[in-house]
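Presented below is the structure to which this report refers.
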Amino acid sequence: MKKNLRKPPHGGLYQYESAWLIELARGASHIASVLSAATLEAAVHEVMQEFVAAQGSAELDAFCWLLAERLEKRGCVAGAAKARAFDASSLARELVGEA
């Protein structure tokens with residue numbers, strides 16, 4: 001399933017930024033520090049898994065968008081693109097398989 005790359009329609013998207021300050025900072029740091037495309041994909045997936053485990057999946061699209069903005073500010077364009085294009089449905093299938 002192709003993900004919609006438009007900004008989520010949350011009126012107060014940035015209210016989440018302060019709530020997820022630690023997750024965004026840690027995730028952006030982790031993703032921006034990787035050295036190859038393979039580890040970039042794995043790092044994005046890991047950050048999303050950890051977010052869902054801690055916060056649930058209801059606001060994952062908003063988290064992806066804010067994380068991508070953080071990565072762009074760090075100059076990690078490839079990581080930002082991966083975060084925006086992250087397929088939450090594949091993560092949901094994976095988590096259901098683990099249960």
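The values are calculated or read from the model by the stated rules, or taken from the named source; none is laboratory data. In this text the structure is predicted, and so the values were computed from the model without any measurement. No Cβ is skipped: glycine too gets one built from the backbone with ideal geometry, and neighbour counts run over all protein chains shown.
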Q.
So Arg74 passes all but one of these: (1) in contact with a Leu (Cβ under 8 Å, 6 or more places away or on another chain); (2) of a type in the set (Lys, Arg); (3) under 16 Å from Leu21 (Cβ atoms). Which condition number does it fail?
A. (1)
Q: Restricting attention to region 42-70, report how many residues are surrounded by fewer than 16 Cβ atoms within 10 Å (Cβ to Cβ) and part of a helix (DSSP H, G or I).
A: 7
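Could you tell me whether Ser90 is out of contact with any helix residue (DSSP H, G or I) (no Cβ under 6 Å at 6 or more places or on another chain) and at pLDDT 95 or above?
So Ser90 fails the test.
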Q: Only residues that are at pLDDT 90 or above and assigned to a loop (DSSP other than H, G, I, E, B): list them for region 1-39, please.
A: Trp20, Ser33, Val34, Leu35, Ser36
Q) In this structure, does Ala78 turn out to be modelled with pLDDT of 95 or more, in contact with a helix residue (DSSP H, G or I) (Cβ under 9 Å, 6 or more places away or on another chain), assigned to a helix (DSSP H, G or I) and small (Gly, Ala, Ser)? A) yes
